[in-house]
Protein chains: 2
Amino acid sequence: LASNEERAAGAVPNWEAALLEESLSRRVRAVGPAYWGAGATAAPPPVPPIALTGGVPDPETLPFEDLAEAAQTVLEREGRLALQYGGPQGFLALREWLADRVGRVDGLSLGPENITITNGSAGALANVCETFLDPGDAVIAEAPSYPGAMRAIRAQDARLETAPVDGEGLRPDALGETLEALTREGARPKLLYTIPNFHNPTGATLSVERRRAVLEIARRHRLLIVEDDAYGEIRFEGERVPSFFALSGGDGVLRVGTFSKTLATGLRVGWVAAAQEATDFLVRMRFDMGTSPWIQRLVAEYVSRGLLDRHVPQVVEVYRRKRDAMAAALAEHCAPYVRWRLPSGGFFLWLEMDRRVQPEALREAAVEEGVAYVSGDAFFVDRSGSQFTRLAYSFVAEQEIEEAIRRLGRALRRAEAASRPGAPQSGPAR
Amino acid sequence: LASNEERAAGAVPNWEAALLEESLSRRVRAVGPAYWGAGATAAPPPVPPIALTGGVPDPETLPFEDLAEAAQTVLEREGRLALQYGGPQGFLALREWLADRVGRVDGLSLGPENITITNGSAGALANVCETFLDPGDAVIAEAPSYPGAMRAIRAQDARLETAPVDGEGLRPDALGETLEALTREGARPKLLYTIPNFHNPTGATLSVERRRAVLEIARRHRLLIVEDDAYGEIRFEGERVPSFFALSGGDGVLRVGTFSKTLATGLRVGWVAAAQEATDFLVRMRFDMGTSPWIQRLVAEYVSRGLLDRHVPQVVEVYRRKRDAMAAALAEHCAPYVRWRLPSGGFFLWLEMDRRVQPEALREAAVEEGVAYVSGDAFFVDRSGSQFTRLAYSFVAEQEIEEAIRRLGRALRRAEAASRPGAPQSGPAR
């Protein structure tokens, strides 16, 4: 008698479609296809594109040797602890370092009980959403905003509403109107997701006056604030603006940070700083037994040696030069078709294209010219915003920036030409 | 004018209690306090305890040098990729290796599209729960079962029901009765969480006949099976029993695995093997941008060098000796008070204590004698089962096992004496 195991040998596992359909949660139905890899083209592009897509550090800046040495040191000195469960809240010494650091920046007295370590800031946002959102709760995000956060919010079967930004970031008046409209409808607005420093994608930084106004509105509506500060350390000019967390004394604010932009995205070490009352509940909703203690300990080793404090000014200098190179190239090659504001930090330039440029035509021309960007519609809940384009200057090699923008300029000219009356619908335009 | 930032300097962040109370999700309310650290005593114990608590590998077996070398190699050879986002599904070469490995064991043709890499098997369970559970859905777990999984299930605001096990594991007849009772009530049983190999905590392994019967019942009730195989590789004797995943050809089964028990818990690398139709939805519910590619790549390097295949037989030998040492010591020091079955693999011995032993008296006596175990009630939804005790032989040093069990024997005698009519309620008993 052949066992089922033997009989099944070589069979490809297969899941009855009806069983899958009836088994899925409302949340996975609500969230839609995975963000990762979206927009990848099936056919190889005619020209190898220069990528201005990801909010990812310059690979030349990654401190390989220091990280490798920290990994080695930690394994030699405390290998047993590094290779065992470390608990969901994260490595104590790293939490102490972060409490001290965030506390000094924000003028608050923080301890390790105020910090929880997460799988990047993405893991932090997921943890916050699970702790505070029920199905049907309304969440306000900026329009535009970071798509990964918008997916994590939608995955709670929550209602994602938006408040528009202008060149100076979130508009308090618009936020107030959105909240009042929701309240009139009987909705329960629960949470504001905001990126106040070097906003992704717009690059804007919210003034302290607007922050105070937003905080006042949030208090009136019993709205929690999730303050995503992924890019706050990458500051080129100007004074640091006090965080919502600082301004509120921690009440009702969750301050999310990460080593992804300063150090490396592949470490997957982020954190939430919050009042202990809130932190305790965040930890309750962690079921992953914590991220790798080895990684957390090597990051703690790296930062406590003072290496981060040496590293950040160096990379800030790199990104400042790249921002300036990109802005200069835009002025030279793209000026008639696009408008932008110079960000005072972060990784992105946000372009508003002239209405004469058809987004679909630009997309095609950019593929042919060999330059990749993220189309603005990805940053809007309603997929409006195709008249915008996000360019990341962080990842691209500095010496390739001018060529990338030259290609973008050619693509813009072709897209504009394609939209003129009588122009052919598609096909080579030069 | 002093800024709020300045005025707040030194203040401890504080969250208004009413705001917290009205903001928490139903899920975080449902889940209860964090599992991690539960049972830790505030006062230092009088005797440093020998710990028989955690399901954690023997620290002497951790392959520090090989892992350190793999970490170094990966950083030198592919550091840019190791330190960048790797995507939510996980590193392709590791998924390929796992597909090949699981596929050969299960007699199924798997590819990387059938595997998703998670933050340990704990992260896998959380991911599965989010993908398939809605509030109010009923989930069946074994009674007893792994507490971490039970928390992850309760955190979906799901209804956690149980089916009892006997010495041979889950009883198909009891499972059928539980499901029929739920169906009569109008509940929607969605998922069975089971640990078929070297069960945590009982050590039992489910026979192929029972697996077939369970699968048949699951099919009839449209019940998904989550098969947690954390301990399957730690097999001392007997043939491997075909998995639910193998027996079902993958239909309706999610097979969860981990490197935590074979290699190190601190790596936090686990996986789900499933039909691609299901895997695609698991990936949709990952919002953490994936775990560290550096760790995933160093594990891939380690396994593809053949080091895991050399390591596993060595650690199995270690755990077999420890199991035997613990069983021999139990026979010598504890036999009148406890019964157990010898597990054919895994990390645990599960003791049923004589009714003459009062669990609370044992707890006190064990603290005084200096031996730590996990009380059986932790493994039951209804906290019944205090007449059971889980002993882990995996972590404790081999040469300490006899002393640990000798202490347990003394504690048992004291607890039995304390329960005799006329015995003093507490206080030193010798």
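The values are calculated or read from the model by the stated rules, or taken from the named source; none is laboratory data. As the structure is a prediction and not an experimental result, all values here were calculated from the model. Neighbour counts run over all protein chains shown; Cβ positions are idealised from the backbone, glycine included. In case anyone asks, the SASA skips ligands and DNA or RNA and just uses the protein heavy atoms, side chains included. Shrake-Rupley method; radii C 1.70, N 1.55, O 1.52, S 1.80 Å.
Structure values in brief
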item	result
Residue list for the range B:218-238, filter: open to solvent by less than 40 Å² (accessible area, probe 1.4 Å) and at the interface with another protein chain (Cβ under 8 Å from one of its Cβ atoms)	B:Leu224
Selection within the range B:358-386 - touching a strand residue (DSSP E or B) at 6+ places or on another chain (Cβ under 9 Å), in a loop (DSSP other than H, G, I, E, B) and crowded, with 17+ Cβ neighbours inside 10 Å	B:Gly370, B:Tyr373, B:Phe380, B:Val381, B:Gly385, B:Ser386
Qualifying residues in the range B:175-217 (those that are small (Gly, Ala, Ser) and farther than 23 Å from B:Tyr231 by Cα) - the one most open to solvent (accessible area, probe 1.4 Å)	B:Gly186
Odd one out for A:Met289, checked against (1) in contact with a Pro (Cβ under 9 Å, 6 or more places away or on another chain); (2) among the aliphatic types (A, V, I, L, M); (3) modelled with pLDDT of 95 or more; (4) open to solvent by 10 Å² or more (accessible area, probe 1.4 Å)	(3)
Meets criteria (modelled with pLDDT under 95, open to solvent by 30 Å² or more (accessible area, probe 1.4 Å) and within 10 Å of another protein chain (Cβ to nearest Cβ)) for A:Gly10	yes
Filter pass, A:Thr265 being within 12 Å of chain B (Cβ to nearest Cβ), touching a Lys or Arg at 6+ places or on another chain (Cβ under 7 Å), modelled with pLDDT of 95 or more and farther than 25 Å from B:Leu19 by Cα	no
Checklist (1) within 11 Å of another protein chain (Cβ to nearest Cβ); (2) open to solvent by 30 Å² or more (accessible area, probe 1.4 Å) applied to B:Cys129, failing item	(2)
Per-region count, the range A:340-357, residues surrounded by fewer than 24 Cβ atoms within 10 Å (Cβ to Cβ) and of a type in the set (Gly, Ala, Ser)	2
Any chance A:Leu62 is more than 23 Å from the chain's Cα centre (by Cα) and either open to solvent by 10 Å² or more (accessible area, probe 1.4 Å) or touching a residue at least 24 places away in the same chain (Cβ under 8 Å) (or both)	no
Criterion: touching a Leu at 6+ places or on another chain (Cβ under 7 Å), surrounded by 23 or more Cβ atoms within 10 Å (Cβ to Cβ) and in a loop (DSSP other than H, G, I, E, B) - qualifying residue of B:Gly266, B:Gly250	B:Gly250
Matching residues, the range B:82-97, being open to solvent by 30 Å² or more (accessible area, probe 1.4 Å), outside any helix (DSSP H, G or I) and more than 10 Å from chain A (Cβ to nearest Cβ)	B:Phe91
Sole exception among (1) more than 29 Å from A:Glu76 (Cβ to Cβ); (2) modelled with pLDDT under 80; (3) surrounded by 16 or more Cβ atoms within 10 Å (Cβ to Cβ) for B:Pro44, by number	(3)
Selection within the range B:147-184 - assigned to a loop (DSSP other than H, G, I, E, B), farther than 20 Å from B:Gly252 by Cβ and modelled with pLDDT under 95	B:Ala155, B:Asp157, B:Gly167, B:Glu168
Pair list, Cβ < 6 Å and 6+ apart or interchain, from the range A:18-37 residues that are modelled with pLDDT under 95 to residues that are open to solvent by 70 Å² or more (accessible area, probe 1.4 Å)	A:Ala30/A:Arg154; A:Val31/A:Arg154
Residue ID - farthest from the other protein chains (Cβ to nearest Cβ), chosen from residues in the range B:144-160 that are in contact (Cβ under 8 Å) with a residue 40 or more places away in the chain, open to solvent by 20 Å² or more (accessible area, probe 1.4 Å) and more than 19 Å from B:Gly270 (Cα to Cα)	B:Leu160
Filter result (more than 7 Å from chain A (Cβ to nearest Cβ) and open to solvent by 10 Å² or more (accessible area, probe 1.4 Å)) within the range B:270-286	B:Trp271, B:Gln276, B:Asp280, B:Arg286
Answer from B:Val241, B:Val256 - the residue that is under 17 Å from B:His199 (Cβ atoms), open to solvent by 10 Å² or more (accessible area, probe 1.4 Å), in contact with a Leu (Cβ under 8 Å, 6 or more places away or on another chain) and of a type outside the set (Gly, Ala, Ser)	B:Val241
Complete set of residues in the range A:227-265 that are over 20 Å from the mean Cα position of the chain (by Cα) and among the aliphatic types (A, V, I, L, M)	A:Ala246, A:Leu247
Residue match in the range A:253-262 (condition: within 22 Å of B:Gly10 (Cα to Cα), outside any helix (DSSP H, G or I), modelled with pLDDT of 95 or more and facing another protein chain (nearest Cβ under 9 Å))	yes
Considering residues of the range A:162-174 that are touching a residue at least 40 places away in the same chain (Cβ under 8 Å) and under 22 Å from A:Leu125 (Cα atoms) only, the residue surrounded by the most Cβ atoms within 10 Å (Cβ to Cβ)	A:Leu170
B:Thr291, sole failed condition from (1) within 13 Å of another protein chain (Cβ to nearest Cβ); (2) of a type outside the set (A, V, I, L, M); (3) more than 20 Å from B:Leu81 (Cα to Cα)	(3)
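A quick yes/no check of all residues on (1) closer than 30 Å to B:Asp134 by Cβ; (2) part of a loop (DSSP other than H, G, I, E, B):
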site: A:Leu75; (1), (2): no, no
site: A:Arg80; (1), (2): no, no
site: A:Ala99; (1), (2): no, no
site: A:Glu113; (1), (2): no, no
site: A:Thr116; (1), (2): yes, no
site: A:Gly123; (1), (2): yes, no
site: A:Cys129; (1), (2): yes, no
site: A:Ile140; (1), (2): yes, no
site: A:Ser145; (1), (2): yes, yes
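This table checks each residue for (1) more than 26 Å from the chain's Cα centre (by Cα); (2) surrounded by fewer than 22 Cβ atoms within 10 Å (Cβ to Cβ).
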{"residue": "B:Leu75", "(1), (2)": "yes, yes"}
{"residue": "B:Asp100", "(1), (2)": "no, yes"}
{"residue": "B:Ser109", "(1), (2)": "yes, yes"}
{"residue": "B:Gly120", "(1), (2)": "no, no"}
